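A.B. asks: The structure is given below, and queries will be raised subsequently.
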Amino acid sequence: MNEAAGRPMMPEQALDFVRWMISEVATRPPVRGRKSSSPLIGKHSSRTIQPGFFRASDLSERVYVCFVALTEAGYSSKNAADDLQAELGDRIGQSKRGRPRINSDPRDTLDRIRTVQAMVSAFAKRVRSQHGNADLERRVNSYIQHFLWLCREGILIRSEFAPDAAQQMMLAHQRQLSRLFRRPIWGNWL
């Protein structure tokens, strides 16, 4: 169970989370011969990552987080991978670095499910070896908490940003700041 959220998401909410996560995949232009230091830029986000951890996108991290969110919401491993492959569409198997396919037949659903499971396993193995299990949990909790906060504040409606999302975001941040800097009233001293 996602401890930071307190309880797992409902299956419908988990699917909204997956749709939002996949729509926000951040990319950067690849650089030949050296590690790129340019930020990953998404539809509504931008982030700088230490060079070498993500090459051209953060898709592997997002697939892992989505897979964990779906399994925590009650999906089996196979069903979670199946829903993910459907959401990812033709983003699966587009790497130009790997071994070329032996046949030119289009990928079937089972092959795409195995590809998603391999992506999840490879990402988890890489992060565990470099940073440990706690980092994996932190990543999942961070994304889920951000999604739940956006939904709670009315910035996200299901998996889409609200038409007035920018204004809602500013108001939400102002509320957070006012709670942070609220001074206690000790009584009338004058």
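A.B. asks: Can you say whether L171 is under 20 Å from the mean Cα position of the chain (by Cα), surrounded by 12 or more Cβ atoms within 10 Å (Cβ to Cβ), assigned to a helix (DSSP H, G or I) and at pLDDT 90 or above, as far as the supplied structure shows? Quick ask: steps written out before the conclusion?
C.D. replies: On the way: under 20 Å from the mean Cα position of the chain (by Cα): no; surrounded by 12 or more Cβ atoms within 10 Å (Cβ to Cβ): yes; assigned to a helix (DSSP H, G or I): yes; at pLDDT 90 or above: yes.
Criteria not met by L171.
Table: residues versus (1) of a type in the set (F, W, Y); (2) within 21 Å of V25 (Cα to Cα).
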position: A124; (1), (2): no, yes
position: Q130; (1), (2): no, no
position: Y143; (1), (2): yes, yes
position: L150; (1), (2): no, yes
position: E153; (1), (2): no, no
position: P163; (1), (2): no, yes
position: M170; (1), (2): no, no
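A.B. asks: Mind checking which pairs have a first residue in region 107-122 that is among the small types (G, A, S) and a second that is assigned to a helix (DSSP H, G or I), Cβ under 8 Å, 6 or more apart or different chains?
C.D. replies: Matching pairs, first to second residue: A122/S60.
A.B. asks: So, one more: Right, L59: buried (at least 18 other Cβ atoms within 10 Å of the Cβ), under 25 Å from I41 (Cα atoms) and at pLDDT below 90 or not?
C.D. replies: On the way: buried (at least 18 other Cβ atoms within 10 Å of the Cβ): yes; under 25 Å from I41 (Cα atoms): yes; at pLDDT below 90: yes.
So L59 fits the description; yes.
A.B. asks: Among D135, D111, which is acidic (D, E), modelled with pLDDT under 90 and part of a helix (DSSP H, G or I)?
C.D. replies: Numbers: D135 fails: modelled with pLDDT under 90.
Only one candidate qualifies: D111.
The values are calculated or read from the model by the stated rules, or taken from the named source; none is laboratory data. Quick caveat: nothing in here was measured; it's all calculated off a predicted structure. All Cβ positions, glycine included, derive from the backbone under ideal geometry; neighbour counts span all protein chains shown.
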